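Only one structure is covered here, and it is reproduced in the block below.
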Amino acid sequence: MVCFCEVDTANEHRSRPFMPIVCREIAKTRVGNVTIDPRTPVLVGQAQVAQHEETIANARGPIELMAQAVSEAAVDAGIAKLGNASVIRVIRSLSTREQNPARSIARALGISANRYAYTPHGGNLPQTLVNTSALEIQRGDADLIILTGGEATRSRRRARNAEQNLAWMSASAQSEGDDAPEIDGEELVMNHEIELGLKIMLPIEIYPMFETAIRFSKQRTISEHQQEISELWSRFSSVAKSNPHAWLRNEYSAEEIRTPSASNRMIGFPYTKLMNSNNDVDMAAALIMCSAEKAQALGVPRDKWVFPHAGTDCHEHNFVSHRHSFTDTPAIRLGGQRVLQLADTTLDDISFVDLYSCFPSAVQLGAHSLGLSLQRQLTITGGLPFAGGPFNNYVMHAIATTMEKVRSQPQEKGFVWANGGYATKHSFGVYGATPPPNGFKHDSPQDQVDALPKREVTPTADAAGPATIEAYSVMHDRSGKPETIRAAVLLANGSRAWCVSNDTNLGAEMCTTEWVGKPVAIDAAGQLRA
């Protein structure tokens, strides 16, 4: 037996004049032939839930789906009764109206927690929460943490269309007296006032801009590039077909993906519907994380343990307006390099890779910055268009799948890149079934990112005159016809400006002819003049 003297941090988040020292005897924790620190963070339970309920009245809401995921994660870990958790953390959900979703989930399960937390928006946050939770457990600030997130977007949409008001579509009476949750993290302001002034703000408008810039940098024709990205997406769909948790378990040919049709309309050129993240889902996922000591005390079988080896978090320059290029994401490069250094590994040594995949441009930017070939399998789920994109929570499904993969092949490791915003916010994790030799490590290269040059952006009224198109997208209406143009342009002084157009004839031409690199003019109202 070994005596561990440590600070009692169960209530460290509260202000108090002193912190008593607690001394207790516990056995060192062993994994195989390795003795590890009892505070080593370990993921012990995971679950994924998908609701394909056709009868609207029977559809369960996001709180019920998340509660189910937490319950199934406990079963997965072999935990008979969860009891009290140090923290329950919930990813921001767009389809619940509960005051404090973590408390609502605890109430549904008959459990409690010392703290109840809720995140801002961001697809990076599931991985960020794993990193944050691992550090808290390692410090002794927590013993058992529940992470969950979920959406019932499909059922909410269908109920509204049918003019049905399901009980869970409004806040429950039980939640009215709940305290506001702790907020895990801060919202990152990502839209420059100039972008907002021209109403350029939607991911479905901006990610296609990355795509047209990538296409031009590769010197491909439109048809050549459409073939390239549709083949990439076809490979993703083939992974989803074999993923039992995927929302769409269909394998699509590249031709089906790139060809507009009644069921696959063009949304924001060059993306058809199948190239967009599929948020019209009812999905939830949950992870249970604790210290190795707690996992041992709970009797979690060793073949269920998955260790976070390392994590990093960072973001690009907040505004797309200030990015140096639409084809370069230095924060991904620096964050990815750092997490691999901390984990003492390389991507060549990692078997399971999941890159964030809201749109094809995101995967290409991530792969390029990380030095990965597009021919490599870059998803373990099938990605957001096929496995499902429940807004902020897709990556929790990717981490749950990573757990399944490394459990089945204990000598292999997994790598997850999570993304939020417009390829803006990034979080990385390396996972393994064997413990990290020197414990979990975390870092952020944010100071290096912040030191990188920023491109100046010119106010719309001052940008009138000649310019060169740097990137563009053509938004289509629901009938599949070009409707509006969104474009970033470079001025003679090297600064960036933004412009728009409602010229449908020009929009149609931009879908068949390359316009990146073309000289244009913009007026003082930000209108594109060809």
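Listed here are the residues, each with its yes/no results for (1) among the polar types (S, T, N, Q); (2) touching a residue at least 24 places away in the same chain (Cβ under 8 Å).
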site	(1), (2)
ALA59	no, yes
ALA74	no, yes
ALA117	no, yes
THR128	yes, yes
GLY140	no, yes
ASN161	yes, no
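Scanning the range 126-139 for residues that are in contact with a Lys or Arg (Cβ under 9 Å, 6 or more places away or on another chain) and open to solvent by 20 Å² or more (accessible area, probe 1.4 Å) yields THR128, THR132, GLN138, ARG139.
On the given criteria, is VAL87 crowded, with 19+ Cβ neighbours inside 10 Å and in contact with a Cys (Cβ under 7 Å, 6 or more places away or on another chain)?
So VAL87 does not fit the description; no.
Yes/no per residue for (1) aromatic (Phe, Trp, Tyr); (2) free of Cβ contacts under 8 Å to residues at least 60 places away in the same chain; (3) surrounded by 21 or more Cβ atoms within 10 Å (Cβ to Cβ):
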residue	(1), (2), (3)
VAL306	no, no, yes
GLY311	no, no, yes
SER325	no, no, no
ASP354	no, no, yes
SER357	no, no, yes
VAL363	no, no, yes
HIS368	no, yes, no
ILE380	no, no, yes
TYR394	yes, no, yes
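Mind listing whichever residues of the range 105-124 are among the aliphatic types (A, V, I, L, M) and either more than 19 Å from ALA69 (Cβ to Cβ) or open to solvent by 20 Å² or more (accessible area, probe 1.4 Å) (or both)? Passing the criteria: ALA108, LEU109, ILE111.
Looking only at strands (runs of 3 or more DSSP E) that lie completely in the range 456-530, which have at least 1 residues being touching a strand residue (DSSP E or B) at 6+ places or on another chain (Cβ under 9 Å), open to solvent by 10 Å² or more (accessible area, probe 1.4 Å) and free of Cβ contacts under 8 Å to residues at least 24 places away in the same chain?
Values: elements: 465-476, 482-490, 496-501, 519-522.
Hits in the range 456-530: 482-490.
Cβ separations smaller than 9 Å between residues 6+ apart or across chains give the following pairs from the range 170-185 residues that are free of Cβ contacts under 8 Å to residues at least 60 places away in the same chain to residues that are outside any strand (DSSP E or B): GLY177/GLN99. Screening the range 217-325 for strands (runs of 3 or more DSSP E) wholly inside it with 1 or more residues that are of a type in the set (Phe, Trp, Tyr) returns the ranges 266-269, 307-315. One residue is enough: does the range 334-357 have a residue meeting the conditions touching a strand residue (DSSP E or B) at 6+ places or on another chain (Cβ under 9 Å), among the small types (Gly, Ala, Ser), more than 28 Å from GLU228 (Cα to Cα) and in a loop (DSSP other than H, G, I, E, B)? So far as the range 334-357 goes, yes, one or more of its residues are touching a strand residue (DSSP E or B) at 6+ places or on another chain (Cβ under 9 Å), among the small types (Gly, Ala, Ser), more than 28 Å from GLU228 (Cα to Cα) and in a loop (DSSP other than H, G, I, E, B). Summed over the range 150-177, residues that are open to solvent by 20 Å² or more (accessible area, probe 1.4 Å) and acidic (Asp, Glu) total 2. Check the range 182-190 and report whether any residue there is acidic (Asp, Glu), open to solvent by 70 Å² or more (accessible area, probe 1.4 Å) and under 30 Å from GLN48 (Cβ atoms). Yes: one or more hits.
The values are calculated or read from the model by the stated rules, or taken from the named source; none is laboratory data. Keep in mind that this is a model prediction, so the values were computed, not measured. Virtual Cβ from ideal backbone geometry, glycine too; neighbours counted across all protein chains shown. Only protein heavy atoms, including side chains, enter the accessible area calculation; ligands, DNA and RNA are left aside. Shrake-Rupley method; radii C 1.70, N 1.55, O 1.52, S 1.80 Å.
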